Amino acid sequence: MSALTSDTPIFRFAPSPNGLLHLGHALSALLNHDMAKASGGRLFLRIENIDLSRCTSDFEEAIYRDLSWLGIGWEAPVRRQSEHFDAYAAALAELDAMGLIYPAFMTRGEVKARVAAHEADGAAWPRDPDGSPLYPPDDRHRSLAEREELMATGTRHALRLDMQKALERISGPLFWTETGDGDRGEIAADPALWGDVILSRSDAPSSYHLSVTVDDALQGVTNVVRGLDLYAATSVHRLLQELLGLQQPVYHHHRLVLGPDGRKLSKSEGSTGLATLRDNGLWPVDIRRLAGL
C-alpha cells in the first residue's frame, strides 16, 4: 500500500456518526486541536461510517456543528470511510494473498453457546482485553472444500485474520511509541491477546481495526490521539501496519471522561451531550473546564 508522508505533524479526530458527541468526544477533539496547534501541525477530520446501518447524515451534520461551536477547525476535504471501501478491499486482498485470512461462519449465538458449554464444565474460555470471548478455532481449521461449499450456498460470513499465521510472518517483537496518560515510552504490543480479529463483516466491507489502520496510513497521520479504551487495540493496529508495510504513528491515549456510575460515557448519555450542554447555556470554555482541560 502507498501512504502519504510528511515532515509536518498530522493529527486526526475520527468520530462515528451513530449518535451525538458528548464530553468524552470533546476532550479527544480538543486535545487533537491543541496538540496540532502547539506542534505547528495539521488536523484532519475523518468520519468513520463503515457501519451504514447505524451511521446517519443527521449525526454527521451534528458533528460538524458541535466541532465548529467548540472552535475546532479542520482541513478539507473530510475523509468519509463509506467513500473508500476500495482501499479496505485492497488491504484485504494483500492479506489474503499472504494466506492470512479465512471466512468465519459462526453466528454470535453459536459462539455464545460454544463458550457457555465450555465454561459449564468449569474451564474458562479465553477472552480479549475488552472481555469478549475469543473466536472458536472451528472455521480456521475447515478445509478449502468445506469453505467453498458453505460460501457457494450463500452462508453469511465474516473475514478474520489468522493470528497465528500473521505473527509467524513478522520478525521480532512489536512495539509502539506512547506519550499518553497510561504507560509511556516503548510499549510492547501483544496482538495475540485479541485472537482472530474480524477484518470484514458480513454486513460491512471492513472492520474498525482494518479501516483505521489503512486510513491513518493513507492520510499520513503521524500522531494518533484517542481514548485509553483503545490502548490495547493498538497491538492489533501495529500488527496490521507491519504486515501491510505501513508507517507507524506516535500514539497518545488520553484519560476517559467518566459518568456518575464510573463508566466511560456513551452516546446515549444525553446529559453530557454537547448539544444538550449548549442548549443549557454553556459555552466552549465551560466544555473545556468540564472535560478537565
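Read-outs throughout are calculated quantities, based only on the coordinates presented, and are distinct from any laboratory measurement. Just so it is clear, the structure is predicted and the values come from calculations on it, not from any experiment. Virtual Cβ from ideal backbone geometry, glycine too; neighbours counted across all protein chains shown.
At a glance:
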item	result
For the chain, calculated [θ]222 nm from helices alone, where every DSSP H run of n ≥ 4 adds -39500 (n - 2.57)	-11000 deg cm²/dmol
All aspartates and glutamates inside 12 Å of Lys264 as judged from Cα atoms, apart from same-chain residues fewer than 8 positions distant	Asp229
Qualifying trypsin sites (Lys or Arg not before Pro) for the range 1-87 [loop in DSSP, other Cβ within 10 Å: at most 15]	Arg54
Principal axis dimensions, the range 45-142 - Cα atoms, whole angstrom, descending	56, 34, 22
Which of Asp279, Asp196 has the fewest Cβ neighbours within 10 Å, and the rest in rising order	Asp279, Asp196
Cα gyration tensor shape of the range 25-98, rounded if a/c is under 1.5, else prolate or oblate by comparing a/b with b/c	oblate
Set of aspartates and glutamates with alpha-carbon distance to Lys37 below 20 Å, sequence-local pairs under 8 removed	Asp7, Asp66, Glu75, Glu178, Asp181, Asp216
Fewest-first sequence of Arg255, Arg156 by Cβ atoms within 10 Å of each Cβ	Arg156, Arg255
q = 0.19 Å⁻¹: log10 I(q)/I(0) that the Debye formula gives for the range 145-213, counting C-alpha atoms only	-0.94
Phi to ³J(HN,Hα) by Karplus 6.51 cos²θ - 1.76 cosθ + 1.60 over the range 178-186, Hz, x for Gly, Pro	10, 10, x, 8, x, 5, 10, x, 8
Spin-label model distance (nm) - Ser82 vs Phe175, 7 Å beyond Cα toward Cβ	4.2
Label of the coordinate-derived value, Rg/Rh (Cα atoms, Kirkwood Rh), listed as [x] 0.93; [y] 1.34; [z] 0.98	[z]
Long-range Cα-Cα pairs in the range 189-293 (distance over 16 Å), rounded percent	68
Rounded to whole Å, sorted largest first: equivalent-ellipsoid semi-axes of the range 196-254, Cα gyration tensor	18, 14, 11
